[in-house]
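The values are calculated or read from the model by the stated rules, or taken from the named source; none is laboratory data. This one's a predicted model, so the numbers in the text were calculated from it and none came from an experiment. Heads up, the Cβs are rebuilt from the backbone with ideal geometry, glycines too, and the neighbour counts pull from every protein chain shown. Just the protein is used for accessible areas: all its heavy atoms, side chains included, with ligands, DNA and RNA removed. Shrake-Rupley method; radii C 1.70, N 1.55, O 1.52, S 1.80 Å.
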Amino acid sequence: MKYVCDVCGWVYDPALGDPESGVAPGTAFEDIPDDWSCPICGAPKDSFSPED
Amino acid sequence: MNPHKITDDIYWVGAVDWSSRNFHGYSLSPLGTTYNNFLILDEKVTLVDTVMPHLRSQMMCNVDQVLNGRGIDYLVVNHLELDHAGCLPDVVEKYKPERIYTSPMGEKAMHGHFNAKDWPIEVVPTGSEVTIGKHTLHFIETRMLHWPDSMLTYIPEAKVAFCNDAFGQNIASSERWADEYDRYVLEHSMKEYYANIVLPYSPVVLKTLDALTSMNLDIQYLLPDHGLMFRGDDVGFALDKYLEYAQQKPKKKAVLVYDTMWKSTEKMASAIASGLADEGISVKIMSMKANHHSRVMTEVFDAAAVLVGSPTHNNGILPLMADMLTYMKGLRPQGKIGASFGSFGWSGECVKILNQWLEDMSFEVVGPPVKNKFVPDHDAFAQCYELGKTVAAAIKAKVEE
């Protein structure tokens, strides 16, 4: 499932991951480390909501 | 306007736009605006930000006067939006700086805006320091205040903070300092700017204010990139205002915003307003034909309730109300009470659509909404008046909580 950042609107797509922050493509949002933050605005992981 | 000396070595070299009445195409700027940028004379001469491109000659003239023959060694780019970074290509070409300092997201945005591959960019994440002689530049990222690249630059030796768009106001003036300017107009302009630009990032404002407090910075000069600047006691005033704004505490106030075809919805607005006013609530009635969405938003910002009205038109709502609701939703006002009203001829979808908008914005929707066929009669006005009283009760419960 995709998750959207409540602060800046950036969407985490598990298929793409976030390689710049060391999150490999194919990583489910739930499996991202808790200290990960939004690569655009720096909001913490708990600022993300499931995309409608 | 000529350069203005802030400290012995730091100068305002910006540009005043007396004629601008529209800020970036989405918000009115009825008093014009000012683009503030700054030149620091030290061993390494440093320019902080630039101005709107069409005002580059004002800035270049000011910069040349202060430089008095010297060059520019360093650029600091606190924000890449073109009203602050738009003159970068001119400055880079003319002064060929050794270094251009910007935030990590600023570097990406710089390449996205300019052909900057040969520019001497150096990324300065939060905590980075650069000594330029007797001054040290401390960089603090302020992501989403109000773009991902936004950054604050602090100089402890001069007690100066260049805070970019935060704390700005759209005011064209010959005065440079808030303490020289009409206080009421200043406060209104701060509120207008916050409500239309910064509001969606209020949670970020609260975190940033916390972070600045914990850093214990000694700021004597708080220098935004728009409008009047703050010095001395006014620094605390500006910080307190942003805390108040970000907390979004509502006043006992309601805004009725509507559009109308044959004045039925307008008459309904008037009856609802009477119900509110009779309960001691301050009311603003705002027709979308008479008010730009940014003016409405400035009033919505500190209101406890927003009542939206439109007749049914082609099975929908009138387009100016769709404009208003789209704009309002994007600015994410928090904790509002909402209600809807409108007239119709046959199908009557208006209040259902309006209430859906209110729910999408997480407003506390009270009602029932008032929907009236064709021209309101006495009974319809009584329902409108009752809706006003119902909303007033909800406001009192909320504001006195």
Give just the number: which of (1) in contact (Cβ under 8 Å) with a residue 60 or more places away in the chain; (2) away from chain A (no Cβ under 14 Å) does B:Thr142 not satisfy? (2)
Tell me whether the stretch B:193-216 contains one or more residues that are away from chain A (no Cβ under 14 Å), part of a loop (DSSP other than H, G, I, E, B) and small (Gly, Ala, Ser). no
Quick check: is even one residue across the stretch A:38-49 more than 12 Å from every other protein chain (Cβ to nearest Cβ), assigned to a loop (DSSP other than H, G, I, E, B) and either modelled with pLDDT of 95 or more or open to solvent by less than 60 Å² (accessible area, probe 1.4 Å) (or both)? no
Can you tell me which residue in the stretch A:1-37 is farthest from B:Pro104 (Cα to Cα), limited to those that are hydrophobic (A, V, I, L, M, F, W, C), surrounded by fewer than 19 Cβ atoms within 10 Å (Cβ to Cβ) and away from every other protein chain (no Cβ under 14 Å)? A:Met1
Can you find a residue that is surrounded by fewer than 22 Cβ atoms within 10 Å (Cβ to Cβ), within 26 Å of B:Gly25 (Cβ to Cβ) and within 18 Å of the chain's Cα centre (by Cα) anywhere in the stretch B:304-321? no
For the stretch B:340-363, which residues satisfy the criterion of being under 15 Å from B:Met268 (Cβ atoms) and out of contact with any Gly (no Cβ under 8 Å at 6 or more places or on another chain)? B:Ser343, B:Phe344, B:Gly345, B:Gly348
Screening B:Glu107, B:Glu98, B:Glu81 for residues that are within 14 Å of another protein chain (Cβ to nearest Cβ), under 23 Å from B:Ser128 (Cβ atoms) and open to solvent by 20 Å² or more (accessible area, probe 1.4 Å) leaves only B:Glu107
Just give me the residues in the stretch B:1-44 being in contact (Cβ under 8 Å) with a residue 40 or more places away in the chain and among the aliphatic types (A, V, I, L, M), in sequence order. B:Met1, B:Ile6, B:Ile10, B:Val13, B:Ala15, B:Val16, B:Leu28, B:Leu31, B:Ile40
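Residue by residue, here is whether (1) closer than 26 Å to B:Asn22 by Cα; (2) β-branched (Val, Ile, Thr); (3) surrounded by fewer than 18 Cβ atoms within 10 Å (Cβ to Cβ) holds:
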{"site": "B:Val123", "(1), (2), (3)": "no, yes, yes"}
{"site": "B:Glu141", "(1), (2), (3)": "no, no, no"}
{"site": "B:His146", "(1), (2), (3)": "yes, no, no"}
{"site": "B:Ser150", "(1), (2), (3)": "yes, no, no"}
{"site": "B:Cys163", "(1), (2), (3)": "yes, no, no"}
{"site": "B:Ala166", "(1), (2), (3)": "yes, no, no"}
{"site": "B:His188", "(1), (2), (3)": "yes, no, yes"}
{"site": "B:Glu192", "(1), (2), (3)": "yes, no, no"}
{"site": "B:Pro203", "(1), (2), (3)": "no, no, yes"}
Are there any helices (runs of 4 or more DSSP H) wholly within the stretch B:1-119 with 3 or more residues that are under 24 Å from the mean Cα position of the chain (by Cα), and if so which? B:82-85, B:104-113
Which residues, counting only those in the stretch B:145-160, are in contact (Cβ under 8 Å) with a residue 60 or more places away in the chain and assigned to a loop (DSSP other than H, G, I, E, B)? B:Leu145, B:Trp147, B:Asp149, B:Ser150, B:Pro156, B:Ala158, B:Lys159
